[in-house]
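Here is the structure we will look at.
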Amino acid sequence: MLFEIKNIKYEVNDTKIISEKSFKINDGQHLLIHGPSGCGKTTLINLLSGLLKPTSGDIAFENYIYSELNEVEIDNLRFSNFGFIFQKLHLIGHLNAKQNIQIASNNKNSLNVENLIQTLGLKAIENKMVKNLSFGESQRVAVARCLVNSPKVIFADEPTSGLDDSNAKIVIDLILKQAKKTESSLIVSTHDQRIKNFFSDVLEM
Ligand code: ADP
């Protein structure tokens, strides 16, 4: 079992943002979290990755029960096991593509940066400042940065919003293909109807 989520609720000032959710995710399983904007998808990703604490209920990743861990232990768990692809890419504009990938490498399970650059077709742009890259190129750098530590779980929050059909397909294909190579589970949040067909397991919010 990768994740076990038991009766989690998340409230802010008595406003319910997530109400009573229980589900499991198996090793290597991909999950699409689908629903309209504002339904709580990002909040759920933040709960699963330990960035937020549920108001009640519990979350376990493998044998680690979050409520039994302190913040440093959760940070370490996240750093060793999870990779993130955000809608806003959070790349460092004044570093080049290769440096953006290298800087994320924690050297423990790290993949070879050169190989990753080859696989993702980034060789031609590796020395370009990220601020000068197209959005599609930047997105590939962000995917490489996420994968560099071979995460067991890749969280992707709205990875295709703002992309046209062909780029949305390219990005989701790329993430799925790379997840397969690193045997990572992929947890994707989206309101994007176009992505649904790529996933057999969908959690409707
Ligand atoms: P989604 O990712 O599906 O668009 P979010 O998880 O970002 O949804 O947000 C769900 C709802 O919770 C939204 O209405 C948002 O405004 C609200 N929300 C999220 N975090 C907070 C917070 N810290 N304080 C108040 N409201 C919040």
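Site pair SER56 and ASN106 shows an inter-label distance of 3.3 nm when each label is modelled 7 Å from Cα along Cα→Cβ.
Calculated mean residue ellipticity at 222 nm for the chain: -9000 deg cm²/dmol, from DSSP H runs with n ≥ 4 weighted as -39500 (n - 2.57), summed, divided by the residue count and rounded to 500. Residues in segment 145-162 near a label at ASN46, defined as backbone nitrogen under 14 Å from the 7 Å Cα→Cβ point? Inside the label zone: 157.
Of all segments of the chain bounded by trypsin sites (Lys or Arg not before Pro) found in a DSSP loop with no more than 13 other C-beta atoms within 10 Å, the longest spans 109-205. Spin-label pair TYR64-VAL12: with each label point 7 Å from Cα along the Cα-Cβ axis, the two points sit 2.5 nm from one another. A Förster radius of 35 Å combined with the Cβ-Cβ distance from LYS196 to GLU73 puts the calculated FRET efficiency at roughly 0.50. With a threshold of 30 Å on the Cα-Cα distance, the over-threshold entries among LYS98/LYS177; LYS24/LYS181; LYS16/LYS169; LYS21/LYS98; LYS9/LYS196; LYS9/LYS177 are LYS16/LYS169; LYS21/LYS98; LYS9/LYS177. Taken about its Cα centre, segment 59-154 carries a charge dipole of about 500 debye when Lys and Arg each add +1 at the Cβ and Asp and Glu each add -1 at the Cβ. Taken about its Cα centre, segment 3-204 carries a charge dipole of about 580 debye when Lys and Arg each add +1 at the Cβ and Asp and Glu each add -1 at the Cβ. Near HIS94, once Lys and Arg are set to +1 and Asp and Glu to -1 for all other residues with Cβ below 12 Å from its Cβ, the sum equals +2.
The separation of segment 1-39 from segment 119-191, counted between C-alpha centres, amounts to 23 Å. A DSSP coil position with no more than 16 other Cβ atoms inside 10 Å describes the following GluC sites (Glu not before Pro) in segment 1-87: GLU62.
The angle separating the long axis of helix 135-147 from the principal Cα axis of greatest extent in the chain is about 60 degrees.
Every number in this text was worked out from the coordinates using simple rules, so none of it is lab data. As the structure is a prediction and not an experimental result, all values here were calculated from the model. Methodologically, a virtual Cβ is constructed for each residue, glycine included, from the backbone with ideal geometry; neighbour enumeration extends over all protein chains shown.
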